[in-house]
C-alpha cells in the first residue's frame, strides 16, 4: 500500500529520526550484498531518475549513474555511507556536524520523512520536498521522493528515488499566482463597467473612471511582474543600476501601502532612514521591499503597525520591515521556498522572490528574525555600490 502522510511535528514524534551510523565494515558488506544482485543493479540503472539503496541507517550503499553524475562523483565510494541530503549537498545537511536528518529543518523535509516512515512501517512512501543547495546559484530544487522497502540477501534495505520536479512546480506556482491576480483585477474592471452601464451619470462616471484607471494600472503591473519573475527564474532578467535614494524609496513605498487595500486596518509607518544614495536597480529593490511589506501586512492582525526603516552599515544598507506577529517554527524553515505558502495555493511567491531578486540579481542578502516578544523583522542588506548581476547595459 502506498501512503503519503503530511509532514508535521507529530510525524516526528511517532517516527523519531535516528542519527546512528553504520561502521565501515557494515557498509562494505551491505554494498557487496546489493552488487551481487545483478537484476537489482540493472533495475537501478534503468530508473530514469536519481536512485539509491539505503541501509537501515539511511546511508547509501548503492546508487545509479544518474545520481553519481549529478553530485559529481566518479565512483560509488565517493558517496558511500553518506545520507541522501549529504550526497546531494543539501545546505542543512552540509552545515550540521551530524549531517542529514539532524537539523530542525529536517523534521519538515519530505525526503527524510518518506524514508523514515517507509523504514518504520515497511510501506512505500511518496512525498515532495524542497532541497536548498549548498553553494549553488540555483538555490534549491523541488523533488518528488519515493521510498520503498526491498529485501536482498535476507536483509531489508530501502530503495529511494528522487525525481526533479522544479520546472513543473515553478510553472504551476507562477501560473496560479498570475491567473489569481489577473482574474481578480479583471473581475473588478468588469463589475465597474457593469455599474456604469446600469446607472450612467456624470458623477458616477467620474468616480468609476478613476477606479477603472487604478484597476488598469494594477493589471498592467501584474502582467509586468509575471514577465519579470519568469525572466528572473530563467536568468534572463536585465538589471539597470541607477542612483537610488534610500529614504525616498522607503517613503514612496510607505505612502502606497498606508492607503492600499491590503493594509486592511493596519498601519504602515516609516521609521529612521538615512538620507543617502545607493547604486542598485530601483525597480527590483522596490519589488523586494514591497514583498516584505505585503508579507508583514498579511501576517499582522487588524490594528497592528508595520514599520519600515533603514540602517547605514558601512558598505551596505539594511532595509527593514517589522511587524509584531511571530512566525511558527514549521514555517520558519520553509518560508523562502518557491512553493510554500501559508495563504493557500494561489500565493507563495512573495518571500521566494525576495531572495531570487534581492540576492540573485542585486547582490544583497535577505534574512529575518522572529521571536516573542520582539515580533518579526525581515532585513534586506543591500550594497551601497553596484554588486548585482551584470546586465547587457554597462554601468
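The values are calculated or read from the model by the stated rules, or taken from the named source; none is laboratory data. This one's a predicted model, so the numbers in the text were calculated from it and none came from an experiment. In this analysis, Cβ positions are derived from the backbone assuming ideal geometry, glycine residues included, and neighbour counts consider all displayed protein chains.
Kindly check whether there is at least one residue in the stretch 281-292 that is in contact (Cβ under 8 Å) with a residue 12 or more places away in the chain, surrounded by fewer than 17 Cβ atoms within 10 Å (Cβ to Cβ) and over 27 Å from the mean Cα position of the chain (by Cα). No, the stretch 281-292 contains no residue that is in contact (Cβ under 8 Å) with a residue 12 or more places away in the chain, surrounded by fewer than 17 Cβ atoms within 10 Å (Cβ to Cβ) and over 27 Å from the mean Cα position of the chain (by Cα).
When the stretch 194-213 is limited to residues that are at pLDDT below 80 and in contact with a helix residue (DSSP H, G or I) (Cβ under 9 Å, 6 or more places away or on another chain), the one that is surrounded by the most Cβ atoms within 10 Å (Cβ to Cβ) turns out to be 208. Does residue 177 meet the test of being assigned to a helix (DSSP H, G or I), surrounded by 15 or more Cβ atoms within 10 Å (Cβ to Cβ) and either modelled with pLDDT under 85 or at positive phi (or both)? In short, yes. Has the stretch 112-122 got at least one residue that is in a loop (DSSP other than H, G, I, E, B) and surrounded by fewer than 23 Cβ atoms within 10 Å (Cβ to Cβ)? Checked the stretch 112-122: at least one residue is in a loop (DSSP other than H, G, I, E, B) and surrounded by fewer than 23 Cβ atoms within 10 Å (Cβ to Cβ). Taking helices (runs of 4 or more DSSP H) as the structural unit, those lying wholly within the stretch 1-70 and holding at least 2 residues that are at pLDDT 95 or above and under 28 Å from the mean Cα position of the chain (by Cα) correspond to 65-70. Looking for something over 26 Å from residue 385 (Cβ atoms), crowded, with 17+ Cβ neighbours inside 10 Å and at pLDDT below 95 - is there at least one such residue anywhere in the stretch 351-360? Taking every residue of the stretch 351-360 in turn, at least one turns out to be over 26 Å from residue 385 (Cβ atoms), crowded, with 17+ Cβ neighbours inside 10 Å and at pLDDT below 95. Checking each residue in the stretch 220-248 for being free of Cβ contacts under 8 Å to residues at least 60 places away in the same chain and over 25 Å from the mean Cα position of the chain (by Cα) picks out 220, 242, 243, 244, 245, 248. When the stretch 140-151 is filtered for residues that are touching a residue at least 60 places away in the same chain (Cβ under 8 Å) and surrounded by fewer than 19 Cβ atoms within 10 Å (Cβ to Cβ), only 150 remains.
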